[in-house]
Every structure is written in structure tokens, then in C-alpha cells.
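Notes follow once the structure below has been shown.
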Amino acid sequence: FFGMTDRISDISVKSFTKYLIIRMRGVPSLDSTGMNALENLYGLPRERRQLIFSHANEQPMKTMRRAGFVDMVGEDHFRSNIDDAIAYARKLLDEEGENGSA
């Protein structure tokens, strides 16, 4: 989780970024420092940007649920694997295009 915290704080998001996929397969645990880093990332000026999480392991999910983070981000934004996360982001982009807001 220390490496994850450093990586999260190094993320720079472009103004045109709509969906940011965080792949958590290699994160076995999440502490308060890591949780704080995720909350800070979520709290960046978002301009319609949404986070999507891929393969969050059991302990990190428990920590994120306990912190209320899963409810903030949305349960459907937590996907079982990277392929599902990418497909979900594409689906959301397609829906935006259909609604004329892309």
C-alpha cells in the first residue's frame, strides 16, 4: 500500500479525462494513508471525471466500505477485473454519446 499511495499522488489528470481506472490487483491491503490518497484523488476538481476501480481485493474493499468511499464513488464503479473496468468505461462513454453530452 505504500507504493500505491506514492503512485496515486503522482497521478496527473488531464482536463479531458472522463474516466480514470485504478487497477488494484496488486494491492493486498489499504491503510488510512492509502485511503486518504484515494479520497484526495476523488476530491480533485472533477469536471465530470469518474473513478473506476478494477480488482479491489477483500481487505481494501472492506476499508473503502467502512470509510464510505464505495458509496461516494458508486458500487457499480468497482469492477471485478481490468477488462470489465475498461468495458464499463466504454459503455459509459457510449451512453454519454447517445445522450449528446460527449
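The values are calculated or read from the model by the stated rules, or taken from the named source; none is laboratory data. The shown structure was predicted, so the numbers you read here are calculated from the model rather than taken from an experiment. We work out accessible area using only protein heavy atoms, side chains counted, and drop any ligands, DNA or RNA first. Shrake-Rupley method; radii C 1.70, N 1.55, O 1.52, S 1.80 Å.
One table, with the values for the structure above:
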| item | result |
| --- | --- |
| All positions within the stretch 80-99 that are open to solvent by less than 60 Å² (accessible area, probe 1.4 Å) and either acidic (Asp, Glu) or outside any helix (DSSP H, G or I) (or both) | Asp84, Glu96 |
| Residues (open to solvent by 40 Å² or more (accessible area, probe 1.4 Å) and hydroxyl-bearing (Ser, Thr, Tyr)) located in the stretch 16-39 | Ser32, Thr33 |
| Residue list for the stretch 43-58, filter: open to solvent by 30 Å² or more (accessible area, probe 1.4 Å) and modelled with pLDDT under 85 | Gly43, Leu44, Pro45, Arg46, Glu47, Arg48 |
| Single match in Thr5, Thr63 (criterion: modelled with pLDDT of 85 or more and on the phi < 0 side of the Ramachandran plot) | Thr63 |
